[in-house]
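Handing you this structure, nothing more for now.
The values are calculated or read from the model by the stated rules, or taken from the named source; none is laboratory data. Just so you know, these numbers come straight off a predicted model, no measurement behind them. Cβ placement follows ideal geometry from the backbone for every residue including glycine, while neighbour counts extend to all protein chains displayed.
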Amino acid sequence: MKTYKTSTGVYAEQELAIVIWRNPKTNSSRQSRFLETMTSENSRFPMAFPLESLVRNKNWSQATKVSDKETLYDLISDTERSRPLIVPLPVAREAFGWEDFYIPTEYTF
């Protein structure tokens, strides 16, 4: 089991998640990426957050947490910035093959 240490605490991989939504520009440009996610000025990789914080945060109340790649595949085409998906890191790895995530050194809640 992979763990990530930050100044805020130590998190197991399954305790961290990214937020994704479908890129609206894919309708008008085939060269646009299909998905968008939160990133940081410090990294181009998807930014990971503690899963429990995302689920409880009122700013993400319209987000849907997915628990497996089949559910992710079912919901991905209908997701948008106002209704994003919360994807645990193991699901993102399995569904997309993504291996690199940006883990901030500290989380502020």
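Which one of these is more than 13 Å from TRP21 (Cα to Cα) and touching a strand residue (DSSP E or B) at 6+ places or on another chain (Cβ under 9 Å): VAL91, VAL66? Full working, then the answer.
Numbers: VAL66 fails: more than 13 Å from TRP21 (Cα to Cα).
Residue meeting the stated conditions: VAL91.
Six or more apart or on different chains, Cβ under 6 Å: which pairs go from a residue in segment 9-21 that's within 18 Å of ASP100 (Cβ to Cβ) to one that's of a type in the set (Val, Ile, Thr) and modelled with pLDDT of 95 or more? Could you list them?
Filtered contacts from segment 9-21: ALA17/ILE86; ALA17/VAL87; ILE18/VAL87; VAL19/ILE86; ILE20/VAL87.
Any chance you could count how many residues in segment 1-24 are crowded, with 16+ Cβ neighbours inside 10 Å and closer than 18 Å to SER40 by Cα?
8
LEU51 versus (1) modelled with pLDDT under 95; (2) within 28 Å of MET1 (Cβ to Cβ); (3) more than 12 Å from the chain's Cα centre (by Cα): which is the lone unmet condition?
(3)
PHE45 is checked against (1) in contact with a strand residue (DSSP E or B) (Cβ under 7 Å, 6 or more places away or on another chain); (2) more than 14 Å from PHE101 (Cβ to Cβ); (3) at pLDDT 90 or above; (4) assigned to a loop (DSSP other than H, G, I, E, B) and fails just one. What number does that condition carry?
Against the list (1) in contact with a strand residue (DSSP E or B) (Cβ under 7 Å, 6 or more places away or on another chain); (2) more than 14 Å from PHE101 (Cβ to Cβ); (3) at pLDDT 90 or above; (4) assigned to a loop (DSSP other than H, G, I, E, B), PHE45 comes up short only on (2).
Another question about this same structure. Filter segment 70-107 down to residues that are among the basic types (Lys, Arg) and either surrounded by fewer than 16 Cβ atoms within 10 Å (Cβ to Cβ) or part of a strand (DSSP E or B) (or both), then give me how many there are.
Residues of segment 70-107 among the basic types (Lys, Arg): 81, 83, 93.
If we keep only those that are either surrounded by fewer than 16 Cβ atoms within 10 Å (Cβ to Cβ) or part of a strand (DSSP E or B) (or both) as well, we get 81, 83.
Of the residues in segment 70-107, 2 are among the basic types (Lys, Arg) and either surrounded by fewer than 16 Cβ atoms within 10 Å (Cβ to Cβ) or part of a strand (DSSP E or B) (or both).
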